[in-house]
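Everything on this sheet refers to the single structure shown next.
The values are calculated or read from the model by the stated rules, or taken from the named source; none is laboratory data. This structure is a prediction, so every number in the text was calculated from the model and none was measured. Please note: Cβ atoms are built from the backbone with ideal geometry, for glycine as well, and neighbour counts cover all protein chains shown. Note: accessible area is taken over every heavy atom of the protein model, side chains too, but ligands, DNA and RNA are not part of it. Shrake-Rupley method; radii C 1.70, N 1.55, O 1.52, S 1.80 Å.
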Amino acid sequence: MRYYPFFPGCSLGATAVAYGDSVKAVAGPLEMELIELEDWNCCGSTPYGSTDEPEAVCIAARNLALAEKTGLDLVTPCSACYTTLQNANHNIQTYPDLKDRVNDALGAAGLEYGGKVRVRHLAEVIFTDIGLEAIESKVVNKLTGLKVAPYYGCQLVRPHRGFDDPEHPQTLDRLITSLGAEAVPFPLKSRCCGGSLIIPEPNLALGLIHQILDSATANGAECIITPCPLCQTNLDAYQGMVNARFKTRYEIPILFFTQLIGLAFGIDPKALGLDKGAVSAKRVLDPYLAVAK
Amino acid sequence: MGTKAYFMIKTAREAGGEGYEEALKALEAMPEVESIESVSGDYDHVARIHAPKSVVSVANKILENEWIKHLEVFKVETDEPNPFLEEVCAIPAGESIRSCAQCGMCSASCPNIDKMDYSPRKIIALIRAGRRHEALSSNTMWVCASCYLCTVRCPNDVKITEMMHALECLAVDRDLASSRTATPTMYQLFVDSIKKNGRVHELGFMIRFYLKTNPFAAIKMAPVALQLLRHGRMPLRARKIKGTDQIKAILDRAQVLGGAR
């Protein structure tokens, strides 16, 4: 069993509740224990860093200080949290005077950050620490024939270069294959969904979402998987608005990659939150659920 | 103070030929010429000049010599202070914009460039020209979705996305944020939600957002919100962390300490 301090991020208690459910459900079979970081706060995300930079880095650093006490890597399933915490961590580690000021501010709450935490994305942990072979050995319900588009989004692979290519990532493709399903070619796999701009700039974001859905379906995808809560919400909850605006008829379920893993592991669909999508996954996944039972 | 420039000069007197040395000496003797070197190729000399008033007047003075065939202004350097550039360079990774070569890879990579007042490349040019108001009152950074495609593609390692975030902060600080986009309002309400609860309450800040910007847009968005509610994806109540007093203490202190790296 491997132990990880876990930073779920705000969306796992709200729009991405299915992500939280499915992560919990697959953690056991993957022999991971995710221990929620005690009293974590919002990472600040792009909005805070774009409003007040000095405050934003301190907000993120409170989490890093809490994580440092555990002496272990901090793992988050949210790509936005990952990039935000990673950016703050990188800047604190790079600029000594920034680190001093952050620690001065943290001191007001009795906290201190030495700059030693490693921030990691859950997807990277699953691919690197657990590995595809271990995943494949747990598959009891091969998803043979299911055509899946791997949607990485932006912030899993950018700007911090790590375990996969920033523009042509492959890990999710390989995961899909290891579960017995088919990864379809997907040119827009790491293009932007608009993120939180869907709220203040809906026209802009709907256009981007439309392009991504078009790229996936044009290549025969029956569902899309993603490791990002924002991407899932944009592609799923706003699919109806895309259809209305662009006169399209997309009806493609958007799953978290952990839901697809759980399905192949034969885990109960309800425990994976597969009923939580705005676009129902029933029609596409029903043939595979029967096998699961 | 004043301006420095480099001139590429071609004379009618070829190297080794009659009068070449005299021409070089005449140029060297000019008080505006700081240094001069002979070069090969289309030009004979490159001169670094100091222009107390204008670069053009120095160029014209040199052109008065009948043996000058051609003169081209190669590069102009001004030592005028540029506090705006210094401000941007003071944020973490901000100094990277000094190495921008204006190649335009960022602009070519941006998925939202068609919505921007100025492309990412132009915004960098504006900062380096010290044109604070134009840069900060534009909508460019507010339609950046932070996808970091420009950043990973930049051949000179300019941290363009971080620069966009810095411009947003400076625009908010100077009260110049564009009113043609609702992004600053949404970001501010998001921040308020964190300050209050330690975490973001999506429903709460979205309701405040639509009330503040365009209540009619909320009607269009209602089906999306209802879908999410129906699937248990939009909790009605905010979750407060235990350490909200810690958040307040940290932010109060951060405010006293102020900005920049």
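Accessible surface computed residue by residue for the protein assembly as shown, with neighbouring protein chains in place and a 1.4 Å probe, gives 43 Å² per residue.
Ignore the peptide's own chain and count Cβ atoms of other chains within 10 Å of each Cβ in B:188-194; give me the average, rounded.
Per-residue shielding by partner chains comes out at 6.
Quick one: pull the percentage of alpha-carbon pairs in the range B:132-171 with a separation above 16 Å. For the range B:132-171, the fraction of Cα-Cα distances above 16 Å is 33 percent.
Here the range A:168-232 and the range A:89-153 have alpha carbon centers that stand 21 Å from each other. Among A:Y151, A:Y48, A:Y19, the residue with the largest mean-square fluctuation in a Gaussian network model of chain A, with springs joining Cα atoms closer than 10 Å, is A:Y48.
About the Cα centre of the range B:183-257, how large is the charge dipole given +1 on each Lys and Arg Cβ and -1 on each Asp and Glu Cβ? Please answer in debye to the nearest 20.
Rounded to the nearest 20 debye, it is 240 debye.
Annotation: the protein assembly as shown has a Kirkwood hydrodynamic radius of 25.8 angstrom, from the mean reciprocal C-alpha pair distance.
Extents of chain B, taken as max minus min of Cα coordinates on every principal axis and listed largest first, are 91, 39, 29 Å. Protection proxy ranking, highest mean first, for peptides A:186-194, B:201-209, B:60-68: A:186-194, B:201-209, B:60-68, where packing is the per-residue count of other beta-carbon atoms within 10 Å, averaged.
To the nearest ten degrees, helix A:96-107 and the longest principal axis of the Cα atoms of chain A are 90 degrees apart.
On the protein heavy atoms, probe 1.4 angstrom, tell me the percent of accessible surface of the range B:3-78 carried by carbon and sulfur.
Of the solvent-accessible surface of the range B:3-78, carbon and sulfur hold 50 percent.
Choose one answer from B:G243, B:G17, B:G130: the residue with the largest mean-square fluctuation in a GNM of chain B with alpha-carbon springs under 10 Å. Highest fluctuation among the options: B:G17.
The magnitude of the dipole of the range B:125-261, with charges of +1 and -1 set on the Cβ of Lys/Arg and Asp/Glu and taken from the Cα centre, is near 460 debye. For the Cα atoms of chain B, what angle does the longest principal axis make with the long axis of helix B:160-173, in degrees from 0 to 90, nearest 10? With rounding to tens, the tilt is 70 degrees. By the Kirkwood approach, averaging reciprocal distances over each pair of separate Cα atoms, the range B:183-257 gets a hydrodynamic radius of 13.7 Å.
Take each residue in A:54-64, count the other chain C-beta atoms within 10 Å of its C-beta, and the mean is 5. For the protein assembly as shown, a simple Cβ point-charge model (Lys and Arg +1, Asp and Glu -1, everything else neutral) yields a dipole of about 2420 debye relative to the Cα centre.
Multiplying the residue separation of B:R153 and B:Q102 by 0.36 nm and subtracting their alpha-carbon distance yields 17.0 nm.
The mean number of partner chain beta-carbon atoms within 10 angstrom of a residue's beta-carbon across peptide B:157-167 is 3. Compute the angle between helix B:244-257 and the longest alpha-carbon principal axis of chain B, please, reported from 0 to 90 degrees and rounded to the nearest 10. Roughly 20 degrees, rounded to the nearest 10. Taking chain B as a whole, the Cys residues whose C-beta sits 4.7 Å or farther from every other Cys C-beta are B:C89, B:C100, B:C103, B:C110, B:C144, B:C154, B:C169.
Taking all protein chains as they are arranged and a probe of 1.4 Å, the heavy atoms of A:F163 leave approximately 60 Å² accessible to solvent. Net charge in the neighbourhood of A:K116 (other residues with Cβ under 12 Å of its Cβ; Lys, Arg +1, Asp, Glu -1) is 0. Label zone (B:D192, point 7 Å along Cα-to-C-beta; backbone nitrogen cut-off 16 Å) within the range B:204-244: B:204-215, B:238.
Using every pair of distinct Cα positions in the range A:165-263, the Kirkwood expression returns a hydrodynamic radius of 13.8 angstrom.
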